[in-house]
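Undergrad: Take a look at this one; I'll ask things after.
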Amino acid sequence: MINEFLPKIKEEILQIHTENELMNLKSKYLGKKGEFTAFTNSIKDLSIEEKKKQGPVINSVKKEIELIIADKFSEIKRLAIDKKLSEEKIDVSLPSKGVGYGSIHPLSQVSEEIVDIFLKFGFEVFEGPEIESDHYNFEALNIPRDHPARDMQDTFYLEKGELLRTHTSPMQVRIMEANEPPIKIISPGKVYRCDSDVTHTPMFHQIEGLLVDKNVTFGNLKGILNEFISRFFGGDIKTRFRPSYFPFTEPSAELDIEWKDKSGSKTWMEVLGCGMVNPKVFDSVGYSSDDFTGLAFGMGIERLAMIKFGITDIRYFYQNDLKFLKQF
Ligand code: PHE
């Protein structure tokens, strides 16, 4: 009778391991058509006296059954969590899946390499604005009004007379304006010219160099740049300083290096522009050219990277093709 339910349920529940099985057991006894429900329904046929006696017994047995089921439910849950935790244990001895690392862009690598060399020579690094005024980009650098570099073709003009700097040389003026000699700086950054083919992109990178002090000579310029070339390209590289013209240096030169192409034949490659700071530039920043002389140089980072790595089209640098980038 009523006393048989609890032992029976306790016995059966031992065999139960899943939530589903437990739900079935619950409905087997406590469901609408469950055995215990059927039993409790049968008391309506009893006398009032008997009902009063049986009622509390039935209630307490029902509570007990519910408790047993609830306990079992928590046990099943707990076991499931334990199982999951033990399965998810991290085996630190397993080899990792491997992380896809990116790499530093070849132009950044080359730029950092150049900067490093000049840092070792004792130069300091300064960066300047890409949006410039006509004054800094041209006027103060002794680039006269009718100079070809001012053509609409070459320069991107902005509103209010501003422009995108066409070279890093305006930094010469900015640095000298704000400091007294001695000055020994380099200035890397983006420059812009309205030009596009296999060796030109509308945006490219330059590094400017400027050294101003007492008794700076063209010999110093040659010494610094020759040492730079030998460190950057490695080893014994022949150089030649070919007379050239820049409005802001006098005398001016272009530096060529002797370079072997893929077939092994030697050619002269132009790598940078340089010269002694033109006294007119000193005038525009208020330096006395009786007291000081200066050397300046400017090089294209893309150009140096193309020579060093044998890259034939400048546009590779900007296409973000992993097959290209992964080679560096
Ligand atoms: N600014 C020049 C150019 O862009 C390079 C240069 C810099 C030449 C400094 C001489 C001195 O071509």
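Undergrad: Filter the stretch 85-142 down to the residues that are touching a residue at least 12 places away in the same chain (Cβ under 8 Å) and among the polar types (S, T, N, Q) and list them by number.
TA: Matches in the stretch 85-142: Ser103, Gln109, Ser111, Ser133, Asn137, Asn142.
Undergrad: Okay, moving on. Name every residue in the stretch 166-200 that is among the small types (Gly, Ala, Ser) and either at pLDDT 95 or above or within 13 Å of the ligand (Cβ to nearest atom) (or both), in order of residue number.
TA: Ser169, Ala178, Ser187, Gly189
Undergrad: Please go through the stretch 170-186 and pick out each residue that is more than 22 Å from Thr217 (Cβ to Cβ) and part of a strand (DSSP E or B).
TA: Within the stretch 170-186, none qualify.
Undergrad: Are any of the residues in the stretch 123-140 over 25 Å from Arg303 (Cβ atoms), loosely packed, with under 12 Cβ neighbours inside 10 Å and of a type outside the set (Phe, Trp, Tyr)?
TA: Within the stretch 123-140, not a single residue is over 25 Å from Arg303 (Cβ atoms), loosely packed, with under 12 Cβ neighbours inside 10 Å and of a type outside the set (Phe, Trp, Tyr).
Condition check ((1) out of contact with any Ser or Thr (no Cβ under 6 Å at 6 or more places or on another chain); (2) under 30 Å from Glu227 (Cβ atoms); (3) assigned by TED's automatic domain parsing to the domain that holds Ser196; (4) not aliphatic (A, V, I, L, M)) across all residues:
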position: Glu124; (1), (2), (3), (4): yes, yes, yes, yes
position: Ala140; (1), (2), (3), (4): no, yes, yes, no
position: Pro148; (1), (2), (3), (4): yes, no, yes, yes
position: Leu164; (1), (2), (3), (4): yes, no, yes, no
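Undergrad: So, one more: I need every pair where a residue in the stretch 1-25 that is under 21 Å from Asn41 (Cα atoms) and in contact (Cβ under 8 Å) with a residue 12 or more places away in the chain has its Cβ under 8 Å from the Cβ of a residue that is in a loop (DSSP other than H, G, I, E, B) and not hydroxyl-bearing (Ser, Thr, Tyr), sequence separation at least 6 or different chains.
TA: Every condition considered, the pairs that remain are Leu25/Ile16.
Undergrad: For the stretch 202-259, give me each residue that is assigned to a loop (DSSP other than H, G, I, E, B), in contact with a Ser or Thr (Cβ under 8 Å, 6 or more places away or on another chain) and in contact (Cβ under 8 Å) with a residue 24 or more places away in the chain.
TA: Pro202, Lys214, Asn215, Val216, Thr217, Phe248
Undergrad: Ok, one more. Select, from Ile314, Ile301, the only residue that is in the same structural domain as Met203 (by TED's automatic domain parsing) and either surrounded by fewer than 17 Cβ atoms within 10 Å (Cβ to Cβ) or more than 14 Å from the ligand (Cβ to nearest atom) (or both).
TA: Ile314
Undergrad: Give me the residue from the stretch 284-298 that is more than 8 Å from the ligand (Cβ to nearest atom) and in a strand (DSSP E or B) and, out of that set, farthest from Ile117 (Cα to Cα).
TA: Thr293
Undergrad: For Thr37, are the conditions met, namely being in contact (Cβ under 8 Å) with a residue 12 or more places away in the chain and of a type in the set (S, T, N, Q)?
TA: No.
Undergrad: May I ask you to list the residues in the stretch 230-253 that are crowded, with 19+ Cβ neighbours inside 10 Å and either on the phi > 0 side of the Ramachandran plot or not polar (S, T, N, Q) (or both)?
TA: Phe232, Phe246, Phe248, Ala253 - these are the residues of the stretch 230-253 that are crowded, with 19+ Cβ neighbours inside 10 Å and either on the phi > 0 side of the Ramachandran plot or not polar (S, T, N, Q) (or both).
Undergrad: Mind listing just one residue for me: the one in the stretch 153-198 that is free of Cβ contacts under 8 Å to residues at least 40 places away in the same chain and of a type in the set (Val, Ile, Thr) and, of those, nearest to Glu112 (Cα to Cα)?
TA: Per the criteria, the residue is Thr166.
Undergrad: Just to check your reading of the model, which residue among Val281, Val271 is within 16 Å of the ligand (Cβ to nearest atom) and either touching a strand residue (DSSP E or B) at 6+ places or on another chain (Cβ under 6 Å) or in a loop (DSSP other than H, G, I, E, B) (or both)?
TA: Just one listed residue meets the conditions, Val271.
Undergrad: For the stretch 66-80, what are the residues that are free of Cβ contacts under 8 Å to residues at least 24 places away in the same chain and among the acidic types (Asp, Glu)?
TA: Hits for the stretch 66-80 are Asp71, Glu75.
The values are calculated or read from the model by the stated rules, or taken from the named source; none is laboratory data. Owing to the predicted nature of the structure, the values given are computational and were not obtained by experimental measurement. All Cβ positions, glycine included, derive from the backbone under ideal geometry; neighbour counts span all protein chains shown.
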